[in-house]
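This report concerns only the one structure given below.
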Amino acid sequence: MNTLRDKYCIVGVGETEYSRSSRRTTRAMAVEAIRKAILDAGLKAADVDGMLDYQGGDSTLANSVASDLGIRFNFYMDVMGGGSSTEALVGLAMGAIEAGMCNTVAIYRSMNGYSEFRIGGTGARAAQPVRGLDLAQVPYGMRSAGQNFAPTFMRHMYEYGTTSEQVAHVRVAHSKHASQNPKALLKERVTVQDVLNSRWIVKPLHLLDCCLETDNATCIIVTSTERARNLKHRPAYIMGVAGRVSKPRLDFHWAHGPISRVAGYYAKDIVFPQAGITPEDVDVTGSYDAFTFTTMLQLEEYGFCKKGEGGAYVSSGIIELGGKRPNNTSGSHLCEGYTHGMSMVIENVRQLRGTVDDYCPRATDGVHTYDYSPGHCRQVKDVEITMNLGWAMPATGSALIMRR
Amino acid sequence: MPQPVQYRGMALIVPDNDSEWKEFYEHARAHRLVVRKCNACGLMRYPPTHACPWCMDLGWTWQEVSGRGTIYSYEIVAHAIQPGFKALTPYAVVLIELDEQRGKPTADEALRVIANLVQPDFTPEPEANVAIGKRVRVVFQDLADHMALPQFTLSEEPAPGRLWRLPG
Ligand SMILES: [Zn+2]
């Protein structure tokens, strides 16, 4: 297989506050996140000559933010997309550098996902006229992400006996992780019963099965391993990347079952051979948690357990800090805040560096207590390999494997 | 279709040049459920598209189907997003597998349609009656002179296989 394994790295990461009221533009947030990532990498604005961003008509394009920062481009593109775009754009950045188009690419996502454009389909999005393919679903009161995904989750429960209790453990684990994260919007640990007692949104999803709409910007910086050698941090080497991989009949994926299957079914055969590893080799996962179910479905589809055993896997303790393979150690979309996936890549870069920003006093120097009781540490010991599993919808996903 | 059709607070827009949906809704208004059938390989597809996903042929004709099928999956919306649906909660959105072309051309493929599961007056079927495996038939909710929305209602037929609904 043709692979660029270990030839490219993520060398810088940056993010703004996770809030529900940013009181500023996506341009202002993007500029802050990109600047932080550049400084985190030990680079200057002039060293960044490429930029990629993704958005859904809800953000500021690269031309403005680059001008603010004094960046001149050799390459840039603005891409339509939400979840699963981060990993795909990492691959495109590698390709642009490999083609000799540019040297270093900043990838960002900036969204007022709560105060301006709510992803849940409420507010401005709910008032949009219905036309084209939307006519197949929206007139039936099926518009939000949860409403679009719920029949997939329900069918999984029917086919495999997956229970609400099992998937509630995803929220339990991520809330435990968020209790170690000063940035997290929701730091309170919850129980399985808390999830089951929360009100129904769209069955089989309770309120606590759903993520948090959030105002935030995130940025990562991709460059060649050669360029990475003289930079500030230990680079996160990219072993493999796949994205945005889709199921057949993407316009209406219900037509091509099994509908309990998700895009990872196809992506895994791209990303694992590139990296030359198996799921057993992965120390930390970042399985996209738009909902508890999305984390479970992807872990299962990528082979961290057998197909149909995702419920047992996520309720076994494996995915919690202190478990064999923790998932989303920041608390992520369910508890930290919703960013369309980039925050999960940032978290894994920090895990690989050993500098996760938890409550340990010398965390940024890489000194951790590994005390996983509330309000302390979320660094995993001796992380060698991480994997991100990006989710757009049941029929589209991406994956990224990194090593230290 | 000259103006948007207003339905539950939504503007449904099917312009005259809508080469996917315009005729579909006109057939629905005559209370016919139609799908596109490939002139070359004979396979049917939904939603309306312009090439056959199996043989890429551009030729097709509208084909009426029986409108009978089985609930393949569902959801119950408790918290409505669209203002016009708030008064209807909890309502069922169902994924119907039509009787025609089940398991063809491969085992996991079928003609599947999203709709609401409704009572004769088009109000939501009570949640307790919604289950995977139940038999259904199409009904048409007339919205305008040129447009009706296909919906599904429970049929009298016994369920051929396992019935399942979310516990609790
Ligand atoms: Zn054909």
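Here, each number is a calculation from the coordinates, and none is a lab measurement. Since the model is a prediction, treat every value here as computed from it, not as a measurement. As a convention, Cβ positions derive from the backbone with ideal geometry for all residues, glycine included, and neighbour counts pool all protein chains shown.
Could you list, in sequence order, all residues of the stretch A:371-401 that are in contact with a helix residue (DSSP H, G or I) (Cβ under 9 Å, 6 or more places away or on another chain), more than 30 Å from A:Gln147 (Cβ to Cβ) and surrounded by fewer than 24 Cβ atoms within 10 Å (Cβ to Cβ)?
Passing the criteria: A:Tyr372, A:Pro374, A:Cys377, A:Val380, A:Val383, A:Glu384, A:Ile385.
From A:Met157, A:Met142, which residue is assigned to a loop (DSSP other than H, G, I, E, B) and within 8 Å of chain B (Cβ to nearest Cβ)?
A:Met142
Six or more apart or on different chains, Cβ under 9 Å: which pairs go from a residue in the stretch A:236-262 that's more than 10 Å from every other protein chain (Cβ to nearest Cβ) to one that's assigned to a loop (DSSP other than H, G, I, E, B) and of a type in the set (Asp, Glu)? Could you list them?
A:Tyr237/A:Asp6; A:Ile238/A:Asp6; A:Met239/A:Asp6
If I go through the stretch B:1-10 residue by residue, how many of them are free of Cβ contacts under 8 Å to residues at least 60 places away in the same chain and at the interface with chain A (Cβ under 8 Å from one of its Cβ atoms)?
Looking only at that region, the number is 1.
Of the numbered conditions (1) buried (at least 21 other Cβ atoms within 10 Å of the Cβ); (2) farther than 20 Å from A:Lys232 by Cα; (3) of a type outside the set (Gly, Ala, Ser); (4) under 22 Å from the mean Cα position of the chain (by Cα), A:Arg27 fails exactly one; give the number of that condition.
(1)
Go through the stretch A:57-90 and report how many residues are part of a strand (DSSP E or B), of a type outside the set (Gly, Ala, Ser) and under 12 Å from the mean Cα position of the chain (by Cα).
Qualifying residue count for the region: 0.
Looking at the stretch B:108-126, which of its residues are surrounded by fewer than 17 Cβ atoms within 10 Å (Cβ to Cβ), more than 8 Å from chain A (Cβ to nearest Cβ) and either closer than 23 Å to A:Pro204 by Cβ or not aromatic (Phe, Trp, Tyr) (or both)?
Across the stretch B:108-126, the qualifying residues are B:Gln119, B:Pro120, B:Asp121, B:Thr123, B:Pro126.
Please enumerate the residues belonging to the stretch A:160-182 that are more than 14 Å from every other protein chain (Cβ to nearest Cβ) and not in a helix (DSSP H, G or I).
Once the filter is applied, which keeps residues that are more than 14 Å from every other protein chain (Cβ to nearest Cβ) and not in a helix (DSSP H, G or I), the stretch A:160-182 yields A:Ser179, A:Gln180, A:Asn181, A:Pro182.
Every residue in the stretch B:11-37 that is within 16 Å of the ligand (Cβ to nearest atom) and within 14 Å of chain A (Cβ to nearest Cβ), please.
B:Val35, B:Arg36
Can you tell me which residue within the stretch A:134-173, out of those that are in contact (Cβ under 8 Å) with a residue 12 or more places away in the chain and of a type in the set (Asp, Glu), is surrounded by the fewest Cβ atoms within 10 Å (Cβ to Cβ)?
A:Glu165
Assuming B:Arg137 fulfils every condition listed in (1) in a strand (DSSP E or B); (2) out of contact with any Gly (no Cβ under 7 Å at 6 or more places or on another chain); (3) touching a residue at least 24 places away in the same chain (Cβ under 8 Å); (4) not small (Gly, Ala, Ser) apart from one, which condition is it?
B:Arg137 satisfies every listed condition except (2).
Among the residues of the stretch A:216-236, is any more than 24 Å from A:Thr86 (Cβ to Cβ) and buried (at least 24 other Cβ atoms within 10 Å of the Cβ)?
There is no residue in the stretch A:216-236 that is more than 24 Å from A:Thr86 (Cβ to Cβ) and buried (at least 24 other Cβ atoms within 10 Å of the Cβ).
Could you please tell me which pairs satisfy a Cβ distance under 9 Å, a separation of 6+ or placement on different chains, a first residue in the stretch B:53-65 that is free of Cβ contacts under 8 Å to residues at least 12 places away in the same chain, and a second residue that is among the charged types (D, E, K, R) and near the ligand (Cβ under 10 Å from one of its atoms)?
Matching pairs, first to second residue: B:Pro53/B:Arg45.
Just one of (1) within 14 Å of another protein chain (Cβ to nearest Cβ); (2) within 8 Å of the ligand (Cβ to nearest atom); (3) not polar (S, T, N, Q) trips up B:Cys41, so point out which.
(1) is the only condition that B:Cys41 fails.
If you take the residues of the stretch A:195-221 that are out of contact with any Gly (no Cβ under 8 Å at 6 or more places or on another chain) and part of a strand (DSSP E or B), which of them is nearest to A:Thr25 (Cα to Cα)?
That would be A:Ala217.
All but one of (1) in a loop (DSSP other than H, G, I, E, B); (2) within 21 Å of A:Leu92 (Cα to Cα) hold for A:Met51; state the number of the condition that does not hold.
Looking at each condition in turn, A:Met51 falls short on (1).
With the requirement that a residue be surrounded by fewer than 18 Cβ atoms within 10 Å (Cβ to Cβ) and within 9 Å of chain A (Cβ to nearest Cβ), what does the stretch B:90-103 give you?
B:Pro90
So which residues in the stretch B:50-88 are within 14 Å of the ligand (Cβ to nearest atom) and either on the phi > 0 side of the Ramachandran plot or more than 7 Å from chain A (Cβ to nearest Cβ) (or both), if there are any at all?
B:His50, B:Ala51, B:Cys52, B:Trp54, B:Cys55, B:Met56, B:Asp57, B:Leu58, B:Gly59, B:Trp60, B:Thr61, B:Gln63
If you take the residues of the stretch A:222-235 that are touching a Gly at 6+ places or on another chain (Cβ under 9 Å) and assigned to a strand (DSSP E or B), which of them is nearest to the other protein chains (Cβ to nearest Cβ)?
Going through the qualifying residues, I end up with A:Val222.
Do we have any residue at all in the stretch A:198-209 that's within 22 Å of the chain's Cα centre (by Cα) and of a type in the set (Asp, Glu)?
Yes.
Quick one: which helices (runs of 4 or more DSSP H) sit completely within the stretch A:288-404 and have at least 3 residues that are over 23 Å from A:Asp53 (Cβ atoms)?
The helices (runs of 4 or more DSSP H) meeting that bar are A:292-301, A:310-314, A:342-353.
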